[in-house]
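Enquirer: Please find one structure pasted underneath; my questions will follow.
The values are calculated or read from the model by the stated rules, or taken from the named source; none is laboratory data. Not measured: the values here are computed from a predicted model. FYI the Cβ positions are ideal-geometry reconstructions off the backbone, even for glycines, and counts take in every protein chain you see. Ligands, DNA and RNA are stripped out before the accessible areas are found, and what is left, the full protein with its side chains, is counted by its heavy atoms. Shrake-Rupley method; radii C 1.70, N 1.55, O 1.52, S 1.80 Å.
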Amino acid sequence: MTRQPRYLIAAGLAIVAAGGAVLVARSGVGAQTPSAEIPALPVQVAPVQGAGGATGDAAGAQGEATFSATIHHDREAQLAFRLPGRIAAYPVRIGDRLPRGGLLVSIEATAYAAASQRAAADLDRARRAAGRYAALAQEGAAAGAQASDGADAARAAEAAAQAARYDLQSTRLVMPFAGAVIARRGEVGEVAAAGQSLVTVADTASPLVASVQVPVAVAQGLRAGQHASVALASGQTLNARVLRKAAAADARSGLLQIDLVLPAGSGAVSGTPASARFATGLGAANGSDVSTIPAEAVLEAQGDRGWVYVIDSGARARRKPVGLLGFVDREARITGLAAGARVITKGAGFVSEGQRVTVTP
């Protein structure tokens with residue numbers, strides 16, 4: 001008996017059963033259609049601007065700038081009493097050198113000494129009472145609660161005695177490190193308020209530093225170790241180098257502090273005014289390829305490193321790391337990208353590595 005082919009058409013599929021074979025084909029299509037590529041994502045871009053390029057920022061131009069500076073030791077401390085009192089002794093003068101622990105100034109301590117003695121006497125009585133209650137409790141002649149109360153009273157008296165001793169010790173200001181006195185305020189007989197700065201001391205073993213306040217745009221081009229020159233009031237010029245930059249600009253002035261370390265044996269004196277001069281070109285510090293891009297192009301920022309998307313020759317997005325120097329207004333100062341490269345600005349948060357993009361106006 002001859003078997004006839006049977007046909008079944010359902011949901012756009014043609015299934016032909018003939019001779020035990022099953023064939024599956026989409027209706028109207030002889031072969032499987034390949035899936036279409038994901039459409040290109042529309043984005044907006046901006047070109048990387050080289051140092052001194054189209055941004056027009058003063059900090060982008062090569063040159064030098066001079067700023068006022070103040071010289072001081074890198075380790076200095078202003079000391080004040082935590083308690084008010086009348087100054088009883090002030091044995092030091094500006095320029096005096098003292099070892100660590102040397103007396104700088106003291107206030108009248110009679111009241112604090114008396115309070116310390118009373119607290120010590122109270123502690124002795126509380127300890128004796130606690131001992132008696134503990135012994136009686138062991139013999140069953142006193143309740144355990146009385147012994148516990150006696151021990152608590154002794155601990156409270158000990159804390160009060162420690163506080164009184166600390167107050168007595170606080171009537172003396174001593175050197176926190178070996179160094180010199182560089183400022184002195186007040187005289188014997190004057191009343192010093194709590195927190196009032198009376199003396200400034202410096203660790204003479206720490207280097208001398210010239211502190212400079214500069215605009216943020218200028219500070220972005222400076223690097224630790226970069227050379228600078230510091231001119232003293234005497235006319236002497238010293239070769240210095242950038243020691244550090246402040247983490248943020250002053251909220252009121254908008255200026256950022258730069259510390260320049262002076263060479264040893266320079267003869268400079270803490271507290272004296274000076275002027276500092278250094279190159280302000282963005283690439284002048286070390287010849288790096290410093291550039292600017294719109295701040296919105298930076299996807300992530302971790303310390304001095306950031307990431308952006310650039311468009312390659314095949315119109316695909318490529319994630320690139322860049323050195324991040326900081327932000328000025330709406331621009332980011334970076335290294336690691338050649339001038340003219342196109343970075344994605346609007347739409348950068350929606351693209352992925354290797355995705356095809358199309359540039360829109």
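Enquirer: What residues from region 306-321 fall in the zone where the backbone N is under 14 Å from a label point 7 Å along the Cα-to-C-beta line of T358?
Expert: Only 315-316 pass the distance filter.
Enquirer: Hey, another quick one. Each residue of region 254-259 in order: what ³J(HN,Hα) in whole Hz does its phi give by Karplus 6.51 cos²θ - 1.76 cosθ + 1.60, θ = phi - 60°, with x for Gly and Pro?
Expert: With coefficients 6.51, -1.76 and 1.60, one gets x, 9, 10, 7, 10, 9 Hz.
Enquirer: At a Förster distance of 41 Å, what's the computed FRET efficiency of A156 paired with L103, Cβ-Cβ distance as r, to 0.05?
Expert: It comes to 0.80.
Enquirer: Here is a follow-up. Probe radius 1.4 Å, ligands and nucleic acids ignored: give me the carbon and sulfur share of the accessible area of region 88-189 as a rounded percent.
Expert: 53 percent
Enquirer: Same structure again: Can you order the peptides 248-259, 211-222, 166-177 by their average number of other Cβ atoms within 10 Å per residue, highest first?
Expert: 211-222, 166-177, 248-259
Enquirer: Taking only protein heavy atoms into account and a 1.4 Å probe, give the accessible area per residue of region 214-270 in Å².
Expert: Ligands and nucleic acids excluded, the figure is 51 Å² per residue.
Enquirer: Once you have the Cα-Cα distance between T204 and R305, take 0.36 nm times their residue separation minus that, and quote the gain in nm to one decimal.
Expert: Net length gain for the segment: 32.7 nm.
Enquirer: Using the beta-carbon distance between L79 and D149 and R0 = 41 Å, what value does 1/(1 + (r/R0)^6) give for FRET efficiency, to the nearest 0.05?
Expert: After rounding, the FRET efficiency stands at 0.45.
Enquirer: While we're here: What does the charge count around V357 come to, taking other residues whose C-beta lies under 11 Å from its C-beta (Lys +1, Arg +1, Asp -1, Glu -1)?
Expert: +3
Enquirer: Hey, what's region 308-361 come to in accessible area per residue, 1.4 Å probe, Å²?
Expert: Numbers: 2770 Å² over 54 residues.
About 51 Å² of surface per residue is accessible.
Enquirer: Could I ask something else about it? Would you mind calculating the gained length between Q196 and L41 on full extension (0.36 nm times residue separation, minus the Cα-Cα distance), in nm to one decimal?
Expert: Contour length minus Cα-Cα distance gives 49.4 nm.
Enquirer: Now for a separate question. For region 83-98, in order, what is each residue's ³J(HN,Hα) by Karplus, 6.51 cos²θ - 1.76 cosθ + 1.60 with θ = phi - 60°, in whole Hz (x at glycine and Pro)?
Expert: Those phi angles translate into 10, x, x, 8, 5, 9, 8, 9, x, 10, 10, 4, x, 5, 10, 9 Hz.
Enquirer: Right, something else. Restricting to DSSP loop positions (anything but H, G, I, E, B) with no more than 15 other Cβ atoms inside 10 Å of their own Cβ, which GluC sites (Glu not before Pro) remain in region 100-206?
Expert: E108, E187, E190
Enquirer: Roughly how many debye, to the nearest 20, is the charge dipole of region 217-284 about its Cα centre, given +1 on each Lys and Arg Cβ, -1 on each Asp and Glu Cβ, and no other charges?
Expert: Here region 217-284 has a charge dipole of around 120 debye.
Enquirer: Another question about this same structure. Once phi is turned into ³J(HN,Hα) by the Karplus curve 6.51 cos²θ - 1.76 cosθ + 1.60 with θ = phi - 60°, what whole-Hz value does each residue of region 353-361 show in order, with x for glycine and proline?
Expert: Computed from phi, the couplings for region 353-361 are 4, x, 6, 6, 10, 10, 8, 10, x Hz.
Enquirer: If amide H atoms are built 1.01 Å from N in the plane of the peptide, which residues on other chains or at least 5 residues away come under 5 Å of the amide H of R305?
Expert: Residues meeting the amide H criterion: L324.
Enquirer: To continue, here is another question. Inverting the mean 1/r over all pairs of different Cα atoms, compute the Kirkwood radius of region 104-182 and quote it in Å.
Expert: Evaluated over region 104-182, this radius sits at 14.8 Å.
Enquirer: For region 205-269 and region 139-191, write down the distance between their C-alpha centroids in whole Å.
Expert: Cα centroid to Cα centroid, the span is 42 Å.
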